[in-house]
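Report on the following structure.
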Amino acid sequence: MTSTLHAFASGGHLVISFPEASVPPQEREDFIAFLKAEWTARQSRFSETDAKALADEVDAGWWTQNREHILRSIGAA
């Protein structure tokens, strides 16, 4: 079945619609989750520098947590 995704402005909001039956429930939920994640990312005030700093912090935390295990696995500890 072919269906069309519609988008229109109404009352100061953009409304996106498509026939409910055109997509299985899990795919609908995945699509809505994708839109919400994209919207959140676009609303973020994180700069690229902030994002890099957070990524570095997460990477450092991961290494701290997994360092011993990894070094033991490769025989370097």
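The values are calculated or read from the model by the stated rules, or taken from the named source; none is laboratory data. Predicted model, so just to flag it, every value in this text is computed and none were measured. With ideal geometry, Cβ positions are generated from the backbone for all residues, glycine too; neighbour counts draw on all protein chains shown. SASA here: full protein model, heavy atoms, side chains in, ligands and nucleic acids out. Shrake-Rupley method; radii C 1.70, N 1.55, O 1.52, S 1.80 Å.
Test of understanding: among Ala21, Ala76, which residue is outside any helix (DSSP H, G or I) and surrounded by fewer than 10 Cβ atoms within 10 Å (Cβ to Cβ)?
When all the criteria are applied, what remains is Ala76.
Please state which of the following conditions Lys52 fails to meet, knowing it meets all the rest: (1) surrounded by 10 or more Cβ atoms within 10 Å (Cβ to Cβ); (2) touching a strand residue (DSSP E or B) at 6+ places or on another chain (Cβ under 9 Å).
Exception for Lys52: condition (2).
Mind telling me which of the residues Ala60, Ala51, Ala37, Ala55 ends up being free of Cβ contacts under 8 Å to residues at least 24 places away in the same chain, closer than 30 Å to Leu5 by Cα and part of a helix (DSSP H, G or I)?
Only one candidate qualifies: Ala37.
Does region 5-15 include one or more residues that are polar (S, T, N, Q) and open to solvent by 70 Å² or more (accessible area, probe 1.4 Å)?
no
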